1. Given the criterion closer than 21 Å to Val91 by Cβ, in a loop (DSSP other than H, G, I, E, B) and of a type in the set (Phe, Trp, Tyr), identify the matching residue among Tyr3, Tyr40.
2. What is the number of the single condition among (1) within 20 Å of Cys246 (Cα to Cα); (2) of a type in the set (Val, Ile, Thr); (3) open to solvent by 60 Å² or more (accessible area, probe 1.4 Å) that Thr173 does not meet?
3. Which of the following residues is modelled with pLDDT of 95 or more, among the polar types (S, T, N, Q) and closer than 20 Å to Asp95 by Cβ: Ser268, Ser217, Ser200?
4. Tell me the helices (runs of 4 or more DSSP H) entirely within the range 180-282 that contain at least 3 residues that are open to solvent by 30 Å² or more (accessible area, probe 1.4 Å) and free of Cβ contacts under 8 Å to residues at least 24 places away in the same chain.
5. Could you check how many residues of the range 91-150 are within 26 Å of Val264 (Cβ to Cβ) and in a loop (DSSP other than H, G, I, E, B)?
6. Would you confirm whether or not the range 6-26 contains a residue that is in a loop (DSSP other than H, G, I, E, B), open to solvent by less than 30 Å² (accessible area, probe 1.4 Å) and farther than 19 Å from Gly123 by Cα?
7. Are any residues in the range 144-161 in contact with a strand residue (DSSP E or B) (Cβ under 6 Å, 6 or more places away or on another chain) and open to solvent by 30 Å² or more (accessible area, probe 1.4 Å), and if so, which ones?
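The values are calculated or read from the model by the stated rules, or taken from the named source; none is laboratory data. For clarity, every value in this text was computed on a predicted model and none was experimentally measured. In this analysis, Cβ positions are derived from the backbone assuming ideal geometry, glycine residues included, and neighbour counts consider all displayed protein chains. Please note that ligands, DNA and RNA were not included when accessible areas were found on the heavy atoms of the full protein model with its side chains. Shrake-Rupley method; radii C 1.70, N 1.55, O 1.52, S 1.80 Å.
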Amino acid sequence: MRYQTIISAEDLGKNLDDENWFVFDCRFLLKDPNGGLNKYRQGHIPGAQFANMDHDLASPMTQTSGRHPLPDASTFVEKLCAWGVQNDSQVVCYDDMSGAFAARMWWLLNWVGHTDVCVLDGGIEKWTAGGRPLQTETRTRPRSTFSGTPDSGMWVDIDFVQHRLDQGDIRLTDARSSERFTAKDQKSDPVPGHVPGALSYPFAGNLGPQKMFLSASELNQRFESVFEGCQAGQVINMCGSGVTACHNILATRIAGFPWTRLYVGSWSEWSRDPARPVATGS
């Protein structure tokens, strides 16, 4: 069986000894660049390798970009080779934020053509809640010959968003919290508010009480109005920096909807130019 959206801790445990399964720890702290790595060193799922959000899953921020531009595709493929991932490998990504960061790596692997990748439902908390072990040793794997080609149709840039919003023919969903979207939260973003015309779909709404993904039918119901009357290519996902927006993309894939697109720069790019309009409230 191949896993392409999410996997349970139970199913991961059954396959953890498979040499062609690769597990990646994607934990990340925005205010502490070394926070994710420190957590990894203190204990991670056995065999997991660490994927750094700033250095592995993004390229350096520029004066005009958002916080997490896409990595150079060839550089990302080279990292997959260095990690040992093969084109037929099963990849599992996890974090401690219900998939908020792991979904970025899930999206990137799909971007370069590797579809056998999933997110651990419930993250490391669900893993340890079942009494499963952690380890502190770092495992290295033999270099692979992974090959991948980026799909430019999976994402859009700021010019596309601005033009198509003016035309009124896209649905732009924002995965940030409703407090950040409405500007009730005045501290999290340098410029509070949202892109005029965007719809608020906080990624936390994809989760149930146990911080695991809702069922496919529940997610379908949550997002059905977004897809109503438009093509999947018209649905654009954004957030603060193109990270948690991937959580919404993953949720819609679990729900059975077609692939939608990522606005990589997201709010951290849009809001850098004071000439761009900003909306507040709901």
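1. Values: Tyr40 fails: in a loop (DSSP other than H, G, I, E, B).
That would be Tyr3, the only listed residue that is closer than 21 Å to Val91 by Cβ, in a loop (DSSP other than H, G, I, E, B) and of a type in the set (Phe, Trp, Tyr).
2. For Thr173, the failing item is (3).
3. Numbers: Ser217 fails: closer than 20 Å to Asp95 by Cβ; Ser200 fails: closer than 20 Å to Asp95 by Cβ.
Testing whether each residue is modelled with pLDDT of 95 or more, among the polar types (S, T, N, Q) and closer than 20 Å to Asp95 by Cβ leaves just Ser268.
4. On the way: elements: 216-227, 245-254, 266-270.
By residue number, 216-227.
5. Going through the range 91-150, the residues within 26 Å of Val264 (Cβ to Cβ) turn out to be 91-121, 123, 146-150.
Applying the additional criterion that residues be in a loop (DSSP other than H, G, I, E, B) yields 95-101, 112-116, 121, 146-150.
Here the count works out to 18.
6. The first filter runs over the range 6-26 and keeps only residues in a loop (DSSP other than H, G, I, E, B), leaving 8, 16-20, 26.
Remaining after also requiring open to solvent by less than 30 Å² (accessible area, probe 1.4 Å): 26.
The next check asks that each one be farther than 19 Å from Gly123 by Cα; those that pass are none.
For the range 6-26, residues in a loop (DSSP other than H, G, I, E, B), open to solvent by less than 30 Å² (accessible area, probe 1.4 Å) and farther than 19 Å from Gly123 by Cα: absent.
7. If the condition is that a residue be in contact with a strand residue (DSSP E or B) (Cβ under 6 Å, 6 or more places away or on another chain) and open to solvent by 30 Å² or more (accessible area, probe 1.4 Å), then Trp155 is the only one that fits.
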